[in-house]
Amino acid sequence: MLRESSFQPVNGMTLPWLAWLCLVGAPSQSGNVLAKTKESPVAQHVSYRSVEVDGLSIFYREAGPKDAPVLLLLHGLPSSSRMYEPLLTRLASQFHMIAPDYPGFGHSDAPTPKKYSYTFDNIAKVMDHFTEALNLPKYTLYMQDYGGPVGFRMALAHPDRVEALIVQDAVAHNEGLGANWKTRRAFWADRAANEAALRTNLLSLETTRTRHVGSDPNPEKYDPDLWTDEYAFLNKPGEVDIQSDLFFDYRTNVDAYPKWQAWMQKTQPRLLVLWGKYDLSFQLTEPEAYRRDVPKAQVHILDAGHFALDTAADEIADLVRRFMLNRPQN
């Protein structure tokens, strides 16, 4: 069952107001507002919906023509589909864009760990069934952070569905995990002894901020709401337990890296790698590791952090647009 919100503002205006604006024009002092963007009013429209998948209500954002090439946008920790709003409003005139929230994230259902096992295998299965519920037989996977382990599982399970991969600060090689993963590896080795240290290392306010700002010498570019909103989400009742369980399962991703690499080396998928050079979560060597697996991969290092859309949305949108439009014709 689909449930769509009844009020869907576009750039702060309702659709009737935009329709009127198209007819009469914008005030002269600012020129034609719509002429300043490549997107049409309809293309910028974003819908906010939910669909039942495996007994869970899965929230998602959707924009763009239904018959356009599909971009399936998989988010990171501790974000949600909200992180993709900058792309939804920039690219929806040309692509059908779907950004879901995983179970336990954003506006999707978050049952307690006693009622739902938070593993990457289970989340990938829910996302597979989500694409089936929306009748998405083919898509390009856009994977950021946790989107990598979710997306690679989906790709290996159903390679016929994946037209291309876009990787934004998501790791598929052990050497991509830096010094701050020492505490996290200790947690995997002995959960009981390292749970408190892990929660500070992974889920604290300072870490939540650092994930956005990283080593950027210009932190004033970042809206503090980015991390304070995420930190508020992490402090919802039961959320820390959910995230601790899921991160304990992250060790299975590291074990699976060689399998993902072998799949890329064998299939040579169309691959675009976008990487924020100020990212402190992962190593800057990771983009070239992808290029070793897929020599024809397009690799771009951006003036941005782990959540590169925070500050480089225009550049990323342009790179994604060109990558998608240059796809091979069937």
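Things worth noting here:
- Checking every residue in the stretch 263-277 against the condition of being modelled with pLDDT of 95 or more, under 19 Å from the mean Cα position of the chain (by Cα), among the charged types (D, E, K, R) and outside any helix (DSSP H, G or I) gives at least one match.
- Filtered residues of the stretch 80-102 (kept if surrounded by 22 or more Cβ atoms within 10 Å (Cβ to Cβ) and modelled with pLDDT under 95): A92
- Residue match in the stretch 200-208 (condition: more than 21 Å from Q144 (Cα to Cα), free of Cβ contacts under 8 Å to residues at least 24 places away in the same chain and either touching a strand residue (DSSP E or B) at 6+ places or on another chain (Cβ under 9 Å) or assigned to a helix (DSSP H, G or I) (or both)): yes
- Remark: pairs (first residue in the stretch 272-283, touching a residue at least 60 places away in the same chain (Cβ under 8 Å) and under 18 Å from A297 (Cα atoms); second residue among the aromatic types (F, W, Y) and not in a loop (DSSP other than H, G, I, E, B); Cβ separation under 7 Å; 6+ apart in sequence or on different chains) = L272/F323; V273/Y290.
- Scanning the stretch 53-68 for residues being in contact (Cβ under 8 Å) with a residue 60 or more places away in the chain and farther than 14 Å from T131 by Cβ gives a total of 1.
- Condition broken by T267, with the remaining ones in (1) of a type in the set (V, I, T); (2) closer than 30 Å to A192 by Cβ; (3) surrounded by fewer than 20 Cβ atoms within 10 Å (Cβ to Cβ); (4) in contact (Cβ under 8 Å) with a residue 60 or more places away in the chain satisfied: (2)
The values are calculated or read from the model by the stated rules, or taken from the named source; none is laboratory data. Predicted, not measured: the structure shown is a model, and the values here were computed from it. Glycine gets a Cβ as well: all are built from the backbone with ideal geometry, and neighbour counts include every protein chain shown.
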